[in-house]
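Have a look at the structure below before the remarks.
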Ligand code: HEC
């Protein structure tokens, strides 16, 4: 009997039942209705989602200015893949030692390349206030009680310095500094919570002389 045919070829069999003037079991009718509702939902979903996204982007005021509040879960969404990538790719061993010479060289590099955004010891950055996400002060104690990134392995900082952090103001330095220089500044930051050679300390404490308008 028709209603006993296997359901696996459902469409074909139901149509042959309708045309043949035979009878269809309630179960088969319900399955047919379920399928129609499912397809209708699918089509509406495919149309409604792009329209909704378009309206959100044009009239929903999504954050585009640095001063705007972040998207819901923006930090989490951006940081999860970043941390996964760094965990995978950051070098695990450090090719140079944290000697006084390397730390002093690191301090000069920091002062020239990084201090405008990340500040100096006791001197916060002017730019940081106007950036989103803000560059963290690397010589201050953060809310975890850690000075800058001194608890990060130097390889993690090296990865960030070499590659930069996308969708933030953190530049990639691999075309600006050579690997030794990038290690020197990474080692300096890993030692930010330890006593530094006097020259390195003076270098990260002396205010920058920025050529501000009206000061020539
Ligand atoms: C133009 C501004 C700018 C400059 C210059 C800059 N940074 Fe950054 N940096 C940022 C921003 C913005 C972030 C925050 C990125 C984020 O929130 O993911 C950042 C993040 C970092 C972090 C990660 C901090 C953390 O808490 O995980 C490190 C380490 C870092 N920078 C080191 C450096 C070093 C070293 C230099 C110089 C060689 C440098 N940065 C130069 C803007 C800058």
Report summary line: Residue hits (the stretch 102-137; over 21 Å from residue 166 (Cβ atoms), in contact (Cβ under 8 Å) with a residue 60 or more places away in the chain and either near the ligand (Cβ under 10 Å from one of its atoms) or not assigned by TED's automatic domain parsing to the domain that holds residue 173 (or both)) are 106, 109, 110, 111, 115
Query raised in the report: Only one residue in 151, 191 is in the same structural domain as residue 113 (by TED's automatic domain parsing), within 15 Å of residue 110 (Cα to Cα) and out of contact with any helix residue (DSSP H, G or I) (no Cβ under 6 Å at 6 or more places or on another chain), so which one is that?
Result: 191
Report summary line: Note on residue 173: of the conditions (1) in contact (Cβ under 8 Å) with a residue 60 or more places away in the chain; (2) within 9 Å of the ligand (Cβ to nearest atom); (3) assigned to a helix (DSSP H, G or I), unmet is (3)
Query raised in the report: So which residues in the stretch 138-155 are more than 8 Å from the ligand (Cβ to nearest atom) and either buried (at least 16 other Cβ atoms within 10 Å of the Cβ) or on the phi < 0 side of the Ramachandran plot (or both)?
Result: 139, 140, 141, 143, 144, 146, 147, 150, 151, 153, 154, 155
Requested in this report: Give the residue, chosen from 40, 57, 46, that is loosely packed, with under 10 Cβ neighbours inside 10 Å, within 50 Å of the chain's Cα centre (by Cα) and at pLDDT 85 or above.
Outcome: 46
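The values are calculated or read from the model by the stated rules, or taken from the named source; none is laboratory data. These numbers were taken from a predicted model, which means no experiment stands behind them. All Cβ positions, glycine included, derive from the backbone under ideal geometry; neighbour counts span all protein chains shown.
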